[in-house]
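In what follows, a single structure is set out as structure tokens and then discussed.
Every number here is computed from the coordinates shown, using simple stated rules; none is lab data. None of the values given here were measured: they were computed from a predicted structure. Virtual Cβ from ideal backbone geometry, glycine too; neighbours counted across all protein chains shown.
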Amino acid sequence: RPDLIKYEEGYWRYDEEKAYVEIVASPAGLPHPMRVKRPVVACPSNEEHLWEMRRVLHDYLLGHLYTLDCHISKDGGRLVYPLQPEAQARLDGLVKSVRAQEDGGNPVDVVRSFATEIQRWPRSDSRQPSNRMMLVYSDMEPDDIMCIAQLWTWKAELHGMASPPTVIMAVDFAKKEGGEILEKKQIMTALIGLPHFHILTPESDTTGKQVNKNSKTVHPRNAWLQSNRQAEIDKICEELVKFTGKTIDFYIIAPGLGNLAGIVDRLKDKGSWPLPSKPTWRVSLYSGQYNMGGMTAGDLEALTDIMQQPAMAGHSSAPLVDLSKFPFFGGKDCHAWTASLTTFASPNLTSHISARAPLLGAAFASFNDEFNAGLVNPHLKDFFAKTPLTDEEASRYEGYKAAFVIDKGDTVRTFCKCVVEDADIFKKLPGFKKSTFKAFAYGGCDSPLCDQLIFAYERP
């Protein structure tokens, strides 16, 4: 809708040093010349338009959840969902069960022992050929999970897509998947109804012994996933080669970590590039700084190769859709609602999720508490490097900081509350950290809005 979205169009220029992408008019001198269009909100301050976008995000996420069977015991049948304390206890047991699986086991099998699958899609062993593939490369955080659920329901509605999405989960044990983060991501992914998903470690992980920056431990699954990386790439390639449809909708919502290059290079090695069915690739990428900072030179080459496929296959070339929250919502003119999902979500979104899918609601909350503790860890980052504290403020802050223990939730909440309620210190906290600190301080969750913008753009 032109009243909601307008476009910046041109060519992609990537500043590797700053992990920053801009749109320029000419491809001259660019190492990876790709035509792109960047959707942005036409009127950042129009609250009526933002309410409409908010409504659509809410409706399609809940619409997806209502296609699921109850996340309850099979022998209990479809009953009223358990209360939150019971859901949390069952989630804790599920995390332990997924962690205890043998290497190579499908966590979906564990989840299905007391949850279920999407009803209206066929089982994975009886899928009918589909004319369209939804391919997602993601690190499977809550905004990714919600985006996939929303897009899945939208594509079934719009295109009659018969098969579940093909999802590739990118993990980075050194930076993110410490503690029980991996297991919670696997559970959230299974709870939206995916029958299977691939997991890839970074190309740079050559030992399978990555020490996580927060937990200071090596995850027990790291070694096997690293050793299995090439076999998993082969499975992904096999799935792509077998696709006989006309269109691949490819969503890149995570750092490449050398994995995009690994997939395309393997297809070339097998003589399967371009793909035998010569489908049209329609590519959307979330180009936030974290994602772009994790792109290798090989990933950018692979992305260039993918964007050249429509022309090679004889189809018209669709430009790369480049989305990033800051420009999408008007840059410095953005509305205060758009700071994060915490400020943008419908007032009753979390209550609806917890009522319909209590295990998923519990998983979102549990993931938030563990993952976001790393984002507010004062022992790893100086939050006031650009806005120094006075000696008196620094003395108070050191007292707050001394009590912080990353794996003890009560100390994390106490630390954040002390910072939030100390007005002189809180005003110097970077703006993008304030919602996370406030959420911890007052018992809430804080989640980015980032990847859901892909759906918001496709279904304005």
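Flag set for residue 302, criterion: of a type in the set (A, V, I, L, M) and either more than 15 Å from residue 37 (Cα to Cα) or touching a residue at least 60 places away in the same chain (Cβ under 8 Å) (or both).
Contact map, segment 394-413: first residue of a type in the set (Phe, Trp, Tyr), second residue exposed (fewer than 14 other Cβ atoms within 10 Å of the Cβ), Cβ cut-off under 8 Å, separation 6 or more or different chains; pairs are 404/379. Taken over segment 342-367, the criterion of being assigned to a helix (DSSP H, G or I) and over 16 Å from residue 65 (Cβ atoms) is satisfied by 342, 343, 344, 366, 367.
Just one of the listed residues (364, 344, 384, 371) is surrounded by fewer than 18 Cβ atoms within 10 Å (Cβ to Cβ) and either touching a strand residue (DSSP E or B) at 6+ places or on another chain (Cβ under 9 Å) or among the aromatic types (Phe, Trp, Tyr) (or both), namely 384.
Those helices (runs of 4 or more DSSP H) of segment 405-453 in which 1 or more residues are over 30 Å from residue 4 (Cα atoms) and among the hydroxyl-bearing types (Ser, Thr, Tyr) occupy 409-420.
Residue by residue, here is whether (1) aliphatic (A, V, I, L, M); (2) within 24 Å of residue 173 (Cβ to Cβ) holds:
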| site | (1), (2) |
| --- | --- |
| 212 | no, yes |
| 215 | no, yes |
| 221 | no, yes |
| 242 | no, no |
| 245 | no, no |
| 252 | yes, yes |
| 258 | no, yes |
| 273 | no, no |
| 276 | no, no |
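Within segment 239-262, can one find any residue that is in contact (Cβ under 8 Å) with a residue 12 or more places away in the chain, over 21 Å from residue 203 (Cα atoms), touching a strand residue (DSSP E or B) at 6+ places or on another chain (Cβ under 7 Å) and β-branched (Val, Ile, Thr)? Yes. Considering segment 388-447, and only residues there that are under 25 Å from the mean Cα position of the chain (by Cα) and acidic (Asp, Glu), the residue that is nearest to residue 216 (Cα to Cα) turns out to be 407.
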